[in-house]
Amino acid sequence: MLMAVGITVFYIIFVWMVFFRFRWLKFNIVWGIVSGWVGLHLLLIFLVALRFYQPYTVDSHVIRSTIQILPRLTQPTILTEVLVEPNTPVRKGDPLYRFDTTIFQHQVDAAEAQLVAAEQNAKILQQDVAAASNAVIRAEAQLEYSTQQQKRFTDLVPQGGARQDELDRWNAQVEEDTAAVAEAKANLEKAQLALGSTIDGVNTGVAQARAQLAEAEYFLGNTTLVAPEDGMIVSQQARPGLVVGDVRLGAIASFVTAADPYILATFRQQNLKFVAPGQEVEIALDLYPGEIFKGRVEAVWWATSQGQYLPSGRLPEFVLPKLPGRIAVEITFDDPPADRILAAGAHAAVAIYTGGGESFAFLRRINIRLYSFANFIRPLDV
């Protein structure tokens with residue numbers, strides 16, 4: 001900086017001595033143009049230094065995250081109450097909209113009934129296992145008796161103590177009782193399998209009924225929409241009588257969040273040569289003339305739409321743009337003013353101090369403060 005000032009002052013003194021003090025050369029239009037041309041080029045030292053070491057832009061705005069308020073309901077449902085006023089701050093969890101609960105309350109009631117029935121069925125399955133076990137015991141006892149009778153008559157018939165038809169009858173009875181034991185064991189296995197059908201120790205029928213009840217309660221809960229964060233509804237268009245449901249494609253409102261506002265500023269690409277995260281930033285918001293807010297570079301968005309090609313069957317078409325694409329820089333406030341409204345979309349001027357060319361920085365600080373104070377009278381309309 002001192003060198004640039006020294007060169008400029010030396011040049012002015014040199015011109016003064018040559019043309020006015022000693023009159024070595026006669027000052028005329030030609031020499032005036034030449035002297036001015038050289039002087040303007042000396043001033044480029046200041047321009048280049050400020051441009052690269054303290055980049056400045058007036059193309060910057062306050063950005064706030066927005067959340068699309070979209071009801072998640074399975075049936076077309078009528079909006080019955082609007083519980084929020086537009087442009088009024090609300091806290092996280094505050095109710096915003098309430099929808100008709102009739103259908104969803106019926107679904108919860110039905111799911112609760114199904115859960116009770118499933119729990120009863122699980123108890124019945126336990127009794128089914130006990131009954132099947134008893135049936136197996138009875139069938140095996142009957143088979144044992146038939147087997148003993150078969151053996152007894154088998155010994156008596158050769159000795160003439162019993163008729164052959166009676167032995168045949170017990171032979172048939174043993175086969176019948178054997179089949180009965182097999183059937184009873186199969187029924188017991190079926191009952192045990194039904195009772196053993198569990199997930200984490202819970203009967204699958206009960207688990208399914210609980211899941212259906214939870215789903216019904218979820219959609220019933222969705223009939224009241226609450227604020228996802230601290231913030232506000234800016235443009236209130238939803239009114240009672242609005243029908244929403246599974247066929248609605250768009251949101252019914254946009255919720256502007258209160259947390260973490262930031263500045264998004266765009267710069268010419270060559271101005272970002274030395275810009276990096278963490279560097280000091282000064283912000284002049286049009287909302288607050290005469291004030292300067294402090295911030296830091298959070299990130300440089302190293303991408304623009306000119307660098308994006310979407311998959312398609314068309315060949316690329318290259319057209320020289322009128323202006324090169326600008327690069328966005330994300331800037332966060334060091335200490336967001338709690339007593340000031342940082343409106344989404346608020347316009348601002350931004351100066352970044354990269355740490356280089358510190359002797360020129362005071363010129364940029366003067367520049368941005370002049371912009372801020374000029375907002376008291378600009379634009380010149382009443």
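The values are calculated or read from the model by the stated rules, or taken from the named source; none is laboratory data. Since we're looking at a predicted model, the values are computed, not measured. Please note: Cβ atoms are built from the backbone with ideal geometry, for glycine as well, and neighbour counts cover all protein chains shown.
Condition check for Leu50 on (1) closer than 30 Å to Gly355 by Cβ; (2) not in a helix (DSSP H, G or I): one failure, at (2).
Looking at this structure, is Ile331 crowded, with 18+ Cβ neighbours inside 10 Å and more than 34 Å from the chain's Cα centre (by Cα)? Answer is no for this residue. Comparison of Ala110, Ala180, Ala139 shows that the only residue that is closer than 30 Å to Pro76 by Cα, touching a residue at least 40 places away in the same chain (Cβ under 8 Å) and either under 53 Å from the mean Cα position of the chain (by Cα) or not assigned by TED's automatic domain parsing to the domain that holds Pro76 (or both) is Ala110. Name, by its number, the condition in (1) in contact with a Phe, Trp or Tyr (Cβ under 9 Å, 6 or more places away or on another chain); (2) in a helix (DSSP H, G or I) that does not hold for Ile137. Against the list (1) in contact with a Phe, Trp or Tyr (Cβ under 9 Å, 6 or more places away or on another chain); (2) in a helix (DSSP H, G or I), Ile137 comes up short only on (1).
Quick one: in region 234-261, which of the residues that are of a type in the set (D, E, K, R) and at negative phi is modelled with the lowest pLDDT?
It comes out as Arg248.
For the residues Thr224, Thr257, Thr266, Thr204, the requirement of being among the hydroxyl-bearing types (Ser, Thr, Tyr) and more than 26 Å from the chain's Cα centre (by Cα) singles out Thr204.
Just one of the listed residues (Ser312, Ser305, Ser359, Ser372) is under 22 Å from Leu50 (Cβ atoms), surrounded by fewer than 15 Cβ atoms within 10 Å (Cβ to Cβ) and of a type in the set (Ser, Thr, Tyr), and it is Ser359. So for region 274-281 (the condition being in contact with a Ser or Thr (Cβ under 8 Å, 6 or more places away or on another chain), part of a helix (DSSP H, G or I) and either free of Cβ contacts under 8 Å to residues at least 40 places away in the same chain or over 30 Å from Thr74 (Cβ atoms) (or both)), does at least one residue qualify? The answer is no, given that none of the residues of region 274-281 is in contact with a Ser or Thr (Cβ under 8 Å, 6 or more places away or on another chain), part of a helix (DSSP H, G or I) and either free of Cβ contacts under 8 Å to residues at least 40 places away in the same chain or over 30 Å from Thr74 (Cβ atoms) (or both).
Criterion applied to Glu217, Glu229 was being out of contact with any strand residue (DSSP E or B) (no Cβ under 8 Å at 6 or more places or on another chain) and modelled with pLDDT of 90 or more, and the one residue passing it is Glu217.
Looking only at region 336-373, which residues are within 30 Å of Ser65 (Cα to Cα) and without any contact (Cβ under 8 Å) to a residue 60 or more places away in the chain? Matches in region 336-373: Pro337, Ala338, Asp339, Arg340, Ile341.
Matching residues to (1) more than 29 Å from Ile233 (Cβ to Cβ); (2) touching a Phe, Trp or Tyr at 6+ places or on another chain (Cβ under 7 Å); (3) outside any strand (DSSP E or B):
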| residue | (1), (2), (3) |
| --- | --- |
| Pro316 | yes, yes, yes |
| Val319 | yes, no, yes |
| Lys322 | yes, no, yes |
| Gly345 | no, no, yes |
| Phe360 | yes, yes, yes |
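When the residues of region 206-240 are narrowed to those that are closer than 29 Å to Asp260 by Cβ and of a type in the set (Asp, Glu), which ends up surrounded by the most Cβ atoms within 10 Å (Cβ to Cβ)? Of everything passing the filter in region 206-240, Glu229 is surrounded by the most Cβ atoms within 10 Å (Cβ to Cβ). Condition check: part of a loop (DSSP other than H, G, I, E, B), of a type in the set (Asp, Glu), touching a Phe, Trp or Tyr at 6+ places or on another chain (Cβ under 9 Å) and at pLDDT below 95. Does Asp335 satisfy that? It is true that Asp335 is part of a loop (DSSP other than H, G, I, E, B), of a type in the set (Asp, Glu), touching a Phe, Trp or Tyr at 6+ places or on another chain (Cβ under 9 Å) and at pLDDT below 95. Determine which member of the set Ser235, Ser312 is over 30 Å from Arg64 (Cβ atoms), hydroxyl-bearing (Ser, Thr, Tyr) and not in a strand (DSSP E or B). None of the other options fit; the residue is Ser312. Answer with yes or no whether Thr266 is free of Cβ contacts under 8 Å to residues at least 60 places away in the same chain and either closer than 30 Å to Glu330 by Cα or of a type outside the set (A, V, I, L, M, F, W, C) (or both). No.
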